[in-house]
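Student: Dumping the structure here so I can ask a few things about it.
The values are calculated or read from the model by the stated rules, or taken from the named source; none is laboratory data. Bear in mind the structure is a predicted one, so any value in this text is a computation, not a measurement. Counting neighbours? That spans all protein chains shown, and the Cβs are built from the backbone with ideal geometry, glycine included.
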Amino acid sequence: MRKWTTSSKLAGCCTLVAKMVSGAEQQQGHRAGVYKQKNKGHKHGKHRTKGEIERENKGRVSVTALTKKQRKEARKMDKRHKANQLRRNKKDLVLTEKRRLGSRDGPPHLVAVVALHAGVDAEAVTRLLRCEGAGGLVREENSVCGVSDSFGLVMPRFKQRFTFLRPDTADMHSLLDVVKVADSLVFVLDSTEGWDSYGDHCLSCLFSQGLPAHALVCQGVSDLAVKKRVDSRRALAKISEIRFPGARLFPLDSDQDATLMLRHLGAQRQRRLGFRSRRPHLLAQQVSYTPNSSEGSGGAPTGLGTLRVSGYVRGCPLQVDRLVHISGFGDFLLSQIDAPIDPLPLNSMTPRPAKPGKKGDVDMQDGGVEVASVRVLMKADPARRESLQAEAEVDPMDGEQTWPTDTELLEAEEARKSKRVMKVPKGTSDYQATWIVDEEDENGEEDEESTDDEEDEDLMMEESIDGEDLDSQVMSVMHMLVRRHPSNTDPIKSKEELVFHCGFRRFRACPIFSQHTSADKHKLERFLRADAPTVVSVYAPITFPTAGVLLFKQREDGMQDLVGTGNLLSCDPQRVVLKRIVLSGHPFKINRRSAVCRYMFFNRDDILWFKPVELRTKWGRRGHIKEALGTHGHMKCVFDSQMRSQDTVMMNLYKRVYPRWTYDPYVPLPLPWVKGEGTQVPDDFDME
């Protein structure tokens with residue numbers, strides 16, 4: 001029994017030790033280190049599933065109001081759709097204009113052939129462009145009057161019609177006028193040199209005025225050897241890259257080349273020129289003049305007459321009550337606008353009367369055809385005609401103030417008696433009382449209803465007129481931002497006569513030059529600067545921007561040199577141009593800040609007159625006149641710091657200047673231009 005008891009005690013001890021050991025193991029647990037793996041949680045979107053939403057709603061319908069995010073997305077889509085619609089509309093407008101030009105309902109495609117080298121044969125180019133072998137129908141009767149080489153061309157193959165003309169490049173005025181209304185230009189280049197000095201002069205003028213759609217044509221490439229053709233084209237492309245970057249050169253030596261050229265002219269994109277797209281313009285194809293005879297003098301001529309012009313009107317709609325401007329001659333009144341049979345139809349078998357286009361493209365013709373075939377579109381209304389008055393009449397009694405007469409006193413007394421008294425709430429001011437309408441005013445509105453309707457009709461008619469052309473014949477102060485042309489090296493003095501090409505106008509005037517700054521006062525420039533743009537101010541008829549400006553200076557031999565190019569800036573008679581005059585003096589005696597100066601004035605009265613004007617020195621001192629000393633022009637001056645004996649005292653005087661009234665619409669024809677030797681301006685030439 002004892003052994004068993006002992007063994008049981010030992011077993012109990014072992015059990016106790018085992019429990020103590022297991023307790024120690026539980027106290028020493030594992031601690032995770034910094035490199036313990038951490039798995040990412042499942043990204044369920046932090047939103048409820050569709051099933052959970054349905055269970056929570058239990059058949060309830062959600063609200064129809066959009067959330068802020070949905071409204072933002074809707075606005076974004078609306079903006080995107082609007083941008084797409086605007087882009088599509090612009091594309092359709094460009095395609096419509098391109099398809100309409102030269103088609104049945106639009107004016108013929110007006111193409112001008114310009115030779116840029118004296119060695120090229122432009123007449124051969126126009127001869128090839130007739131395309132008589134490719135099915136072209138040439139109409140010589142549809143030529144432009146005054147141009148020796150012009151014709152109308154109908155291409156049934158392309159369903160287009162063209163009007164070709166070759167202006168005289170020796171006459172710069174005619175060349176610029178033709179390019180202003182031409183739809184496309186064909187520049188004829190030499191196969192080796194490209195263009196000569198006169199061709200470069202023409203390109204400078206055309207680029208400054210505004211260049212429409214154009215194409216480059218080279219002659220004589222097929223006459224070269226096969227090995228030299230590639231080199232010639234590369235050399236010519238390198239030359240033309242200066243003026244026409246990325247332009248394509250078209251060889252024109254055969255009928256096939258001419259057909260490709262016509263296809264390119266009809267399909268190329270037209271360049272929009274701002275100064276002509278907002279104005280109706282016309283190239284006169286036929287002109288006739290009928291002088292008026294006076295009945296009282298036995299049928300003797302009166303010096304007046306009727307000018308009948310035939311041509312296609314391009315651009316904006318033409319109003320018969322508005323003035324028209326003939327380049328180089330001035331402004332005139334219209335009598336009526338007729339619509340005859342189209343002289344250049346696509347289908348010659350069925351002639352039809354011309355219809356006015358969507359943008360005012362109308363065919364006008366003189367009275368050479370039968371009266372039955374001419375349809376009158378508009379006749380001028382004397383009551384609505386615009387006046388030819390260009391200058392305001394000066395009233396010499398405008399500034400006079402006299403004592404009111406008895407009649408004026410009686411009228412004032414009656415007006416005071418007829419003044420109606422209206423009751424208003426207490427505390428109402430005079431301004432608030434003017435907005436209170438009583439029953440009499442309401443009845444008066446009904447009585448004047450018919451008059452208001454007539455005024456509204458007049459207002460609607462005025463809105464349909466191009467606002468930019470209103471008062472275009474009225475004289476005002478025109479400002480043009482001009483840079484001197486690099487080819488001109490002669491000094492251009494202010495108030496020197498120049499020839500202006502501004503938009504469709506051409507005139508002579510003596511302008512003044514001023515600085516182009518953002519201030520309200522501008523300093524006069526005595527010469528046209530070459531290192532900075534200059535504002536040119538001149539009295540001329542009102543022209544609205546945008547419009548290109550060309551400045552020519554006429555030589556003694558009759559040639560005209562291009563001296564400046566730029567754009568029309570504004571029409572503002574309030575622009576102040578100041579001329580600065582500097583008076584200088586010498587410090588005679590110096591006593592620290594005060595000094596006695598002389599040689600600025602030579603009269604005591606002049607010193608007292610200019611005493612309020614501030615003084616300055618070349619070394620940056622500022623001061624004023626304190627008093628006059630003696631009678632010989634000595635004066636005592638006080639400055640802000642110590643004066644030096646080598647300093648110079650100066651006084652700035654300013655005077656407002658105006659251009660000279662020398663406007664002349666008549667410009668003489670220039671002689672053929674030849675590059676001359678310009679006078680080099682010395683380095684020490686004072687532009688002030």
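Student: Assess whether Y289 counts as being of a type in the set (F, W, Y), in a strand (DSSP E or B) and in contact with a Pro (Cβ under 6 Å, 6 or more places away or on another chain).
Tutor: Numbers: of a type in the set (F, W, Y): yes; in a strand (DSSP E or B): yes; in contact with a Pro (Cβ under 6 Å, 6 or more places away or on another chain): no.
Here the answer is no, as Y289 does not meet what is asked.
Student: Name the pairs whose Cβ atoms lie under 6 Å apart, with the first residue in region 229-258 and not assigned by TED's automatic domain parsing to the domain that holds L211 and surrounded by fewer than 18 Cβ atoms within 10 Å (Cβ to Cβ), the second in a helix (DSSP H, G or I) and not β-branched (V, I, T), and 6 or more positions between them or separate chains?
Tutor: Taking only residues 6 or more apart or on different chains, not a single pair turns up.
Student: Restrict the check to region 251-258 and report whether at least one residue is charged (D, E, K, R) and in a helix (DSSP H, G or I).
Tutor: Going through region 251-258, the residues charged (D, E, K, R) turn out to be 253, 255, 257.
When the remaining residues are screened for being in a helix (DSSP H, G or I), the result is 255, 257.
There is at least one residue in region 251-258 that is charged (D, E, K, R) and in a helix (DSSP H, G or I).
Student: Being modelled with pLDDT under 80 and more than 34 Å from the chain's Cα centre (by Cα) is the filter; apply it to region 328-361 and report the residue that is surrounded by the fewest Cβ atoms within 10 Å (Cβ to Cβ). Spell out the reasoning first.
Tutor: First pass over region 328-361, keeping only residues modelled with pLDDT under 80: 346-361.
This time we only want the ones that are more than 34 Å from the chain's Cα centre (by Cα), so: 346-353.
On the way: L346: 18, N347: 11, S348: 11, M349: 5, T350: 7, P351: 12, R352: 10, P353: 12.
Selected residue: M349.
Student: Among the listed residues V188, V179, which satisfies the condition of being at negative phi, in contact with a helix residue (DSSP H, G or I) (Cβ under 7 Å, 6 or more places away or on another chain), assigned to a helix (DSSP H, G or I) and crowded, with 19+ Cβ neighbours inside 10 Å? Give the steps one after another, and end with the answer.
Tutor: Details: V188 fails: assigned to a helix (DSSP H, G or I).
Selected residue: V179, the only one of V188, V179 that is at negative phi, in contact with a helix residue (DSSP H, G or I) (Cβ under 7 Å, 6 or more places away or on another chain), assigned to a helix (DSSP H, G or I) and crowded, with 19+ Cβ neighbours inside 10 Å.
Student: Related question: Filter region 82-97 for residues that are among the aliphatic types (A, V, I, L, M) and either under 22 Å from A213 (Cβ atoms) or in the same structural domain as R269 (by TED's automatic domain parsing) (or both) and give the result.
Tutor: To start, the set of residues in region 82-97 that are among the aliphatic types (A, V, I, L, M) comprises 83, 86, 93-95.
Within region 82-97, L93, V94, L95 qualify.
Student: Moving on to the next point. When region 470-503 is examined, which residues are found to be assigned to a strand (DSSP E or B), over 20 Å from L388 (Cα atoms) and among the aliphatic types (A, V, I, L, M)?
Tutor: Across region 470-503, the qualifying residues are M480, L481, V482, L498, V499.
Student: Looking at region 165-176 only, could you name the residues that are in contact with a helix residue (DSSP H, G or I) (Cβ under 9 Å, 6 or more places away or on another chain) and not acidic (D, E)?
Tutor: If the condition is that a residue be in contact with a helix residue (DSSP H, G or I) (Cβ under 9 Å, 6 or more places away or on another chain) and not acidic (D, E), then L165, R166, P167, T169, A170, M172, L175, L176 are the ones that fit.
Student: Something else about it: On the basis of being more than 23 Å from the chain's Cα centre (by Cα) and either at pLDDT below 90 or outside the structural domain of L206 (by TED's automatic domain parsing) (or both), does Q554 make the cut? So that I can check it myself, show each step before the final result.
Tutor: On the way: more than 23 Å from the chain's Cα centre (by Cα): yes; either at pLDDT below 90 or outside the structural domain of L206 (by TED's automatic domain parsing) (or both): yes.
In short, yes.
Student: Being modelled with pLDDT under 80 and charged (D, E, K, R): is that true of K36 here?
Tutor: On the way: modelled with pLDDT under 80: no; charged (D, E, K, R): yes.
Spelling it out, it is not the case that K36 is modelled with pLDDT under 80 and charged (D, E, K, R).
Student: Could you say which residue among K589, K553 is in a strand (DSSP E or B), among the charged types (D, E, K, R) and more than 27 Å from G503 (Cα to Cα)?
Tutor: K589
Student: Applying the selection to region 179-211, what residues are within 17 Å of P245 (Cβ to Cβ) and either of a type in the set (S, T, Y) or within 18 Å of the chain's Cα centre (by Cα) (or both)? Steps first, please.
Tutor: Of the residues in region 179-211, the ones within 17 Å of P245 (Cβ to Cβ) are 185, 187, 189, 194-195, 200, 203-204, 206-207, 211.
Once the filter is applied, which keeps residues that are within 17 Å of P245 (Cβ to Cβ) and either of a type in the set (S, T, Y) or within 18 Å of the chain's Cα centre (by Cα) (or both), region 179-211 yields S204, L206, F207, L211.
Student: Looking at this structure, is A170 modelled with pLDDT of 85 or more and surrounded by fewer than 20 Cβ atoms within 10 Å (Cβ to Cβ)? Steps first, answer last, please.
Tutor: Details: modelled with pLDDT of 85 or more: yes; surrounded by fewer than 20 Cβ atoms within 10 Å (Cβ to Cβ): yes.
It is true that A170 is modelled with pLDDT of 85 or more and surrounded by fewer than 20 Cβ atoms within 10 Å (Cβ to Cβ).
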